[in-house]
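Below: one structure, written as structure tokens.
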Amino acid sequence: MRVLIGIILCATLLGCGQKSENAAPPPTVIETSSTGGHSHEKGTMLLADAGRYHALLTAHLSKDGNELDIFFETAGKTPHAHALPLAMLKASIQIRSGEGGLKEVEFVPAPADERPNGEAAGTCSHFVAKVPWLRPDIEHRVIVRAILDGKDEEIRWNSFIPRKYAHHID
């Protein structure tokens, strides 16, 4: 009996470690931190490295409903808005205190008058999501998955406090 259990255990352990040849590679995980020799805050925005770009997260806190905004920019010495060929971004948001569980949201292109002039059709540098349940004074984890330059990227802002990173409060 012990031999049979040992064989089953060995087969299970060896089989679980094998990867399928057709399995997609895991996404690159990019988190906010102070590594890389630059700050991960820019004014009222929390910055995350996103492939060759920076992704900046900020909050719009309003009595009429809270929103989150994501801006993409180049990562050079003189960063500027960079429109990406994305129709929307899917995100998971977790209130770090454990309240409310994991929320799924969609960031859609901001209205044209809130984006830089000259963005080509089908591209966007500024995305917005309605988040009426957002807790202004509690830390949130925001995770976005996107295909950037052909790579599956996972962009994380682990310590986002909406009031600290709000560009508008009323």
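What follows is calculated from the coordinates using simple rules that are stated; it is not laboratory data. It should be emphasised that the depicted structure is a prediction, and the values quoted were computed from it without experimental measurement. Methodologically, a virtual Cβ is constructed for each residue, glycine included, from the backbone with ideal geometry; neighbour enumeration extends over all protein chains shown.
Note on segment 56-110: percent of Cα-Cα distances in each 5 Å bin, starting at 0 and stopping at the bin with the largest distance, equals 4, 13, 20, 23, 19, 11, 7, 2. Summing charges over neighbours of Glu114, with a neighbour being any other residue whose Cβ is under 14 Å away from its Cβ, gives -3 when K and R count +1 and D and E count -1. For each pair in Lys103/Lys151; Lys63/Lys90; Lys103/Lys130; Lys77/Lys151; Lys90/Lys130, compute the distance between the two Cα atoms and list the pairs where it is over 22 Å. Result: Lys103/Lys151; Lys63/Lys90; Lys77/Lys151 exceed 22 Å. For segment 86-157, the square roots a ≥ b ≥ c of the C-alpha gyration tensor eigenvalues yield an a/c of 1.5 or more together with a/b not exceeding b/c, which makes the shape oblate.
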